[in-house]
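The values are calculated or read from the model by the stated rules, or taken from the named source; none is laboratory data. Fair warning: this is a prediction, and the values are worked out from it, not measured in the lab. Positions of Cβ are generated from backbone atoms using ideal geometry, with glycine treated the same way; all protein chains shown enter the neighbour counts.
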Amino acid sequence: MDFANTPSFFRSGPPPAARLAMSVVASIALLIGDSRYGLMEQAREALSLALYPVQRAVNLPAQAVRHAGDYLISQTELKQENTQLREKQLQMSAQLARLQTLERELNELRQLNAIRAQRDDSAQIAETLYTGRDPFSYKIIIDKGADAKLLAGQPVIDAHGLLGQVTRVQPLTAEVSLIIDKNQMVPVMVERTGERAILYGYGGGVELRYLPQSSDVKEKDRIVTSGLDGLFPEGIPVATVSRVERNAGAAFTRVYTQPLAGVQQTRYVLALQAKQTPARPAEPPAPPEKKTKGGKKAADEE
């Protein structure tokens, strides 16, 4: 082969031994210079900065897969935690409702015990079992009856006012007709003025009827029992006046009232003894009619 005609860039250059020797010397020189003088530090920093985008590009698929897995796992965990938190929230809401109910009942019992302690009769606390079967009559059934010596006609109150009266007594239970029942009437008076009236139930509420136009009754007046019927003790709160209507053409004033007792939500009640009043005296006998000998009345002769 004619090496003389070969182009210069195809020439083999120095012999391998010389190239190896130069490489070893250069490597040793770089090692010594880098270890003592840090000649390659800036070069390494520049090279790492130049290669950083390449590293990020190479690691990007793996990072994307890892982030996607973490996202899916976190979404599943969040859903499970949300479900558990919702269940706990429902449980806590139910417990809170029960605690509020128990607190309300405890306050009712305390108030009823305080009322019973103030009275000198044998008032008895009873619990409401259920309401009457007839939807058009407002009655409740309590857990005291003839066994507790309850009698028909006894007034029944709650912590806020008059609730009704016992209308039927069974061996273990008793029926209480609420004041909002259409068959209930309670003798009352306006506490502010002392004016007497009758409170009528009309099936869901109560109202004062047959008050004259000149009656001094106003909104927010409190209505209490008058004690004139011999059943309800005097001074028991019954209702408050919510609205007064005076029409010029009407004979009586229309008075709307709001019961004070919890007629639809009370659980514990207090059965009072009926007021003891003397019996109504008997009417004096009518004087005998005078008759003449002929058997006719003297008035006829006259």
If we only count strands (runs of 3 or more DSSP E) wholly inside the stretch 115-168, which ones have 3 or more residues that are at pLDDT below 90 and not acidic (Asp, Glu)?
124-131
Name the residues in the stretch 172-208 that are farther than 14 Å from Val263 by Cβ, among the hydroxyl-bearing types (Ser, Thr, Tyr) and part of a strand (DSSP E or B), would you?
Tyr200
Out of all the residues in the stretch 148-161, which are in contact with a helix residue (DSSP H, G or I) (Cβ under 6 Å, 6 or more places away or on another chain) and surrounded by 23 or more Cβ atoms within 10 Å (Cβ to Cβ)?
none
In the stretch 111-139, the residues that are free of Cβ contacts under 8 Å to residues at least 12 places away in the same chain and either over 17 Å from Gln165 (Cα atoms) or not assigned by TED's automatic domain parsing to the domain that holds Gly161 (or both)
Ala114, Ala117, Gln118, Asp120, Arg133, Asp134, Pro135
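Table: residues versus (1) assigned by TED's automatic domain parsing to the domain that holds Thr257; (2) more than 19 Å from Leu231 (Cα to Cα); (3) crowded, with 23+ Cβ neighbours inside 10 Å; (4) not basic (Lys, Arg).
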{"position": "Leu163", "(1), (2), (3), (4)": "yes, no, yes, yes"}
{"position": "Val169", "(1), (2), (3), (4)": "yes, no, no, yes"}
{"position": "Thr173", "(1), (2), (3), (4)": "yes, yes, no, yes"}
{"position": "Pro187", "(1), (2), (3), (4)": "yes, no, no, yes"}
{"position": "Leu199", "(1), (2), (3), (4)": "yes, no, yes, yes"}
{"position": "Gly204", "(1), (2), (3), (4)": "yes, yes, no, yes"}
{"position": "Leu211", "(1), (2), (3), (4)": "yes, yes, no, yes"}
For the stretch 242-256, state whether one or more residues are under 27 Å from Phe136 (Cβ atoms), in a strand (DSSP E or B) and free of Cβ contacts under 8 Å to residues at least 12 places away in the same chain.
yes
